[in-house]
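Accompanying notes for the structure given below.
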Amino acid sequence: MLSEKSLAAITHERTKYPAEQARSALLAALRIAQEEQGYLSEALMAYVADLLGLPAIHAYEVATFYTMYDLRPVGRHKLCVCGSVSCFLNGSDAVIKHLSERLGIGLGETTADGLFTLQEVECLGACKDAPMMQVGDRYYENLTPESLDALLAKLRGGSDDVC
């Protein structure tokens, strides 16, 4: 179900913990599996749990708790808008509305071209620069309608290296 490279990476993560602490490697193992497959199906979660010698329910509990895991296919660019207190008070609701209008999708939806998925997530820890969102491994802070439009244009243009 996973490539040899992913299996080796999971094995490496597993070696970081004592034998009786296999569950400690679960978050990393699910991340590795998701990176390869794009999302975590129930079968993939069960497979990862089995690799670690854990009940499948443990993987499901983790994957459904954390917003970094996707349980269904998502767009190439997952726009994760922080909706916690600082961001909300500084306009995250306006950010979501703007993105929703520009993309023609609501929260949890993916554009028809498969390019964007819009999500609201809990605190991303950049409160002083609210409102903010995460796209891939990058943070975008002090968001305005203009900065959002510029970012969307760059992402539509195929750029994954957007600052």
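Figures for the structure shown
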quantity: Qualifying position, being under 18 Å from VAL135 (Cα atoms) and surrounded by 15 or more Cβ atoms within 10 Å (Cβ to Cβ), among SER6, SER84, SER41; calculated: SER84
quantity: Inter-residue pairs, beta-carbon under 7 Å, first closer than 17 Å to ALA43 by Cα and in region 1-18, second hydroxyl-bearing (Ser, Thr, Tyr) and surrounded by 15 or more Cβ atoms within 10 Å (Cβ to Cβ), 6+ apart; calculated: MET1/TYR47
quantity: Residue match in region 107-118 (condition: over 19 Å from LEU148 (Cβ atoms) and among the aliphatic types (A, V, I, L, M)); calculated: yes
quantity: Members of region 90-116 found to be outside any helix (DSSP H, G or I), among the hydrophobic types (A, V, I, L, M, F, W, C) and surrounded by fewer than 18 Cβ atoms within 10 Å (Cβ to Cβ), listed by number; calculated: LEU107, ALA112, LEU115
quantity: Selected residue (only one of SER41, SER86 is among the polar types (S, T, N, Q) and within 25 Å of SER3 (Cβ to Cβ)); calculated: SER41
quantity: Matching residues in region 48-80 - criterion: being aliphatic (A, V, I, L, M) and either assigned to a helix (DSSP H, G or I) or more than 11 Å from the chain's Cα centre (by Cα) (or both); calculated: VAL48, ALA49, LEU51, LEU52, LEU54, ALA56, ILE57, ALA59, VAL62, ALA63
quantity: Residues (touching a Ser or Thr at 6+ places or on another chain (Cβ under 7 Å) and in a helix (DSSP H, G or I)) located in region 1-47; calculated: ILE32, ALA33, GLU36
quantity: Extreme residue, nearest to the chain's Cα centre (by Cα), among residues of region 117-163 that are of a type in the set (Asp, Glu) and surrounded by 14 or more Cβ atoms within 10 Å (Cβ to Cβ); calculated: GLU120
quantity: Residue that is modelled with the highest pLDDT, among those in region 4-47 that are over 21 Å from the mean Cα position of the chain (by Cα) and among the small types (Gly, Ala, Ser); calculated: ALA8
quantity: Selection within region 117-161 - of a type in the set (Lys, Arg), in a helix (DSSP H, G or I) and over 18 Å from SER86 (Cβ atoms); calculated: LYS154, ARG156
quantity: Counted residues, region 148-163 - those being at pLDDT below 95 and among the small types (Gly, Ala, Ser); calculated: 3
quantity: Odd one out for VAL135, checked against (1) within 20 Å of GLU36 (Cα to Cα); (2) free of Cβ contacts under 8 Å to residues at least 40 places away in the same chain; (3) among the β-branched types (Val, Ile, Thr); calculated: (2)
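The values are calculated or read from the model by the stated rules, or taken from the named source; none is laboratory data. Computed from a prediction, not measured in an experiment: that's the story for all the values here. Cβ sites come from the backbone with ideal geometry, for glycine too, and all protein chains shown count toward neighbours.
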